[in-house]
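Okay, so here's the structure we're looking at.
The values are calculated or read from the model by the stated rules, or taken from the named source; none is laboratory data. What you see is a predicted model; the values in this text were computed from it and never measured. Methodologically, a virtual Cβ is constructed for each residue, glycine included, from the backbone with ideal geometry; neighbour enumeration extends over all protein chains shown. Calculation scope for accessible area: heavy atoms of the full protein, side chains included, ligands and nucleic acids excluded. Shrake-Rupley method; radii C 1.70, N 1.55, O 1.52, S 1.80 Å.
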Amino acid sequence: MSVLVFTENWDGKFKKLSFELVSYANEIAKKLNTSTTALSIGKVEDDELKKLGTYGAVKIISVENDKLKGLVNQAYTSIISQVVAKENATVVVFANNYMGKAVAPRLSVKLKAGLASGVSALPSSLEPFTIKKKVYSSKAFANIVVKTPVKILTLFQNAFGITESPANATIEKFSPELKDSDLKTEILEVSKHTGKLLLTDAEIVVSGGRGMRGPENWGPIEELASLLGAATACSRPVSDEGWRTHEEHTGQTGKIIAPNLYIACGISGAIQHLAGVSSSKCIVAINKDPDAPIFEAADYGIIGDALKVLPELIIAVKELKASA
Amino acid sequence: MKILVCISNVPDTTTKIKFTNNNTAFDKADVQWIINPWDELALTRAMDIKDASGGAIESVVVINVGLTEDEPTIRKALAIGADKGIRINAAPKDSYFVAAQLAEVIKKENFEIILCGIESSDFNNSSVGGMLSEFLDVPSVSSVSFLNIENGKVNVKREIDGGFENISTQLPFVGIVQKGIAKEPRIPSMRGIMSARTKPLQVFEPVQVDALVEYANYELPQSKSACKKIEPDNVKELVNLLHNEAKLI
Ligand SMILES: Cc1cc2nc3c(=O)[nH]c(=O)nc-3n(C[C@H](O)[C@H](O)[C@H](O)COP(=O)(O)OP(=O)(O)OC[C@H]3O[C@@H](n4cnc5c(N)ncnc54)[C@H](O)[C@@H]3O)c2cc1C
């Protein structure tokens, strides 16, 4: 028996997300009196693989296959199902991101294993296996009972945090069987900007809405973000108008994020926007309308003109940084 | 070529969520029902592709797993332009159940392109599309934000962390679509609404499938403590609170 965690590397390196997944899987393994096995697909050096041990993985299975140049949903599902069988895994943990959403549902059918997706906490009971998740676009929670012997979970990013639990991990190279029929999609071209902090990875996010009035006013948002080591985001009309790129749009139909701090500037806080950001641990709102719904979701608020407040906020953050 | 769009019937986003029966069931009283927003965008894109295809796309069909109460939502999809509706007559139990029902019916007909929204705004599971593709044993491309057909070849673009991938896929395939696939949903025209009444809506009976998970009960979030207001001329105080009280910067 074991808990299997599917880790992700970006060009051979693991990011915080994978360490969070291992930490989470390891906490479940402890409850089940079993151990954590991490699976890595792609080319990753042993030194890097070993890092997964810091968070509790005692075994690291590494799959490298030249046929897999990127995520091929069917092939990944096949590989993971082979590892589940080999390791006798009873719980499989994914991130609730592009990768997890692509593969976990397929695996659920392949293994006839119940899937609880988008969970943000540990199971509240192991027998029956019960776990809580947000439903109705964050307006309620459901307690889900997973009834099958193998359980699949996808964890919301930044929901659980990282806990070190050093283990002396062994690395095992594994060559799964792959059929041609598993490789019916092919990646022709990748375009990716590197160096920019990803919205879904960021612990702090500075976001602007239609109240910012136009793309020419985004300078202070970017400056504040860079001071705080934050990513930038926006509401839907802002990306629809083309003031900012679609990748920055947060909300029900955009990205769903859960940073530690979300600073909303000139955003009304419509329910569809909140659906994507209400899991933030702390929300700061700057809005000139005292009745804007964003203040109901916010922890701290300034009723004022964002175009005037932001430059002062930048000065105050600079002062804080200088005094630290 | 035929395109199938899977549509889910969900409460309007602004609906106030309530539960009944000791918090074990969703309270349907006074709820306005809509096509799941992503499914509506998928349908919009499917219609655009059909309109531009010069007849190469024979038809766009929509399919839903649900009881008779879902029919107005299917008719809305027909009013938007879909040629035919299919309803599988069962109350959805979980995503696995829904995907299994869809797969049974889809196996009987030939669709080259099957589209699902990336999630539905009620259970937010992001799973029916992926599950369906595995049931059908066909490739799936997830987080699709662009889809086009040129010279009979399907062009798909998928969003990844920090960028995009162009993907080629064999047909048939399941495209799991997200933001970007269409901007605004199509609004039904008066003619569309009139003709929707006469378009075919076929009903299939479900097959026996056990759900793999059970929704035991629901909870509403605890109300948030009131927002701490800071005067606009005292921005320093906000920084101070974020640093010393919230310990976030
Ligand atoms: C099916 C559906 C899905 C949707 N999905 C999303 C989604 O994913 N994400 C999303 O964001 N929206 C989404 N929307 C749209 C959503 O309903 C709102 O229209 C949108 O969030 C409003 O964006 P906003 O707050 O930037 O703009 P507005 O509603 O125009 O609000 C601007 C705010 O800025 C304030 N303001 C103006 N000037 C200033 C100033 N100088 N200083 C400070 N404050 C100022 C105003 O008081 C106002 O509160 C969706 C809608 C639908 C129907």
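Computed values, structure above
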| item | result |
| --- | --- |
| Neighbours by Cβ (under 8 Å, 6+ apart or cross-chain): first from the stretch B:143-163, within 14 Å of residue B:173 (Cβ to Cβ); second hydroxyl-bearing (Ser, Thr, Tyr) and in a loop (DSSP other than H, G, I, E, B) | B:149/B:53 |
| Test: residue B:167 is within 16 Å of the ligand (Cβ to nearest atom) and either open to solvent by 50 Å² or more (accessible area, probe 1.4 Å) or out of contact with any Phe, Trp or Tyr (no Cβ under 8 Å at 6 or more places or on another chain) (or both) | no |
| Scope the stretch A:188-220; condition within 23 Å of the chain's Cα centre (by Cα) and among the hydrophobic types (A, V, I, L, M, F, W, C); matching residues | A:190, A:197, A:198, A:199, A:202, A:204, A:205, A:206 |
| Of all residues in the stretch A:190-208 being of a type in the set (A, V, I, L, M) and assigned to a strand (DSSP E or B), the one that is modelled with the lowest pLDDT | A:190 |
| Count of the stretch A:226-247 residues which are within 12 Å of the ligand (Cβ to nearest atom) and either open to solvent by 20 Å² or more (accessible area, probe 1.4 Å) or within 11 Å of chain B (Cβ to nearest Cβ) (or both) | 8 |
| Matching residues in the stretch A:209-240 - criterion: being touching a Gly at 6+ places or on another chain (Cβ under 9 Å), more than 24 Å from residue A:138 (Cβ to Cβ) and part of a loop (DSSP other than H, G, I, E, B) | A:213, A:218 |
| Considering residues of the stretch B:186-209 that are part of a helix (DSSP H, G or I) and of a type in the set (A, V, I, L, M) only, the residue nearest to residue B:108 (Cα to Cα) | B:196 |
| Qualifying residue in the stretch B:56-75 (condition: under 28 Å from residue A:108 (Cα atoms) and hydroxyl-bearing (Ser, Thr, Tyr)) | no |
| Meets criteria (at the interface with chain A (Cβ under 9 Å from one of its Cβ atoms), farther than 28 Å from residue A:241 by Cα and among the small types (Gly, Ala, Ser)) for residue B:196 | no |
| Every pair of residues 6+ apart whose Cβ atoms lie under 9 Å, when the first sits in the stretch A:229-240 and is without any contact (Cβ under 8 Å) to a residue 24 or more places away in the chain and of a type in the set (Gly, Ala, Ser) while the second is open to solvent by 10 Å² or more (accessible area, probe 1.4 Å) and within 6 Å of the ligand (Cβ to nearest atom) | A:239/A:254 |
| Inter-residue pairs, beta-carbon under 7 Å, first at the interface with another protein chain (Cβ under 7 Å from one of its Cβ atoms) and in the stretch A:302-315, second within 8 Å of the ligand (Cβ to nearest atom), 6+ apart | A:302/A:286; A:302/A:309; A:303/A:287; A:303/A:288; A:304/A:286; A:304/A:288; A:309/A:286 |
| Residue that is surrounded by fewer than 23 Cβ atoms within 10 Å (Cβ to Cβ), near the ligand (Cβ under 9 Å from one of its atoms) and over 15 Å from the mean Cα position of the chain (by Cα), where the choices are A:271, A:267 | A:271 |
| Extreme residue, nearest to the ligand (Cβ to nearest atom), among residues of the stretch A:211-225 that are without any contact (Cβ under 8 Å) to a residue 60 or more places away in the chain and in contact with a Ser or Thr (Cβ under 9 Å, 6 or more places away or on another chain) | A:218 |
| Filter pass, residue B:105 being surrounded by 17 or more Cβ atoms within 10 Å (Cβ to Cβ), over 24 Å from residue B:212 (Cα atoms) and either of a type in the set (Val, Ile, Thr) or within 11 Å of another protein chain (Cβ to nearest Cβ) (or both) | no |
| Every pair of residues 6+ apart whose Cβ atoms lie under 6 Å, when the first sits in the stretch A:256-267 and is away from every other protein chain (no Cβ under 13 Å) while the second is of a type in the set (Asp, Glu) and buried (at least 24 other Cβ atoms within 10 Å of the Cβ) | none |
| Scan of the stretch A:274-295 for residues that are at the interface with another protein chain (Cβ under 8 Å from one of its Cβ atoms), within 12 Å of the ligand (Cβ to nearest atom) and either over 24 Å from residue B:220 (Cβ atoms) or not in a strand (DSSP E or B) (or both), ordered by number | A:275, A:295 |
| Residue match in the stretch A:133-140 (condition: more than 16 Å from the ligand (Cβ to nearest atom) and touching a residue at least 12 places away in the same chain (Cβ under 8 Å)) | yes |
| Qualifying positions in the stretch A:250-264 - modelled with pLDDT of 95 or more and near the ligand (Cβ under 9 Å from one of its atoms) | A:250, A:264 |
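Residues are listed down the side, and each one gets a yes or a no for (1) surrounded by fewer than 18 Cβ atoms within 10 Å (Cβ to Cβ); (2) under 22 Å from residue A:108 (Cα atoms):
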| site | (1), (2) |
| --- | --- |
| B:129 | no, yes |
| B:141 | no, yes |
| B:147 | no, no |
| B:150 | yes, no |
| B:159 | no, no |
| B:162 | no, no |
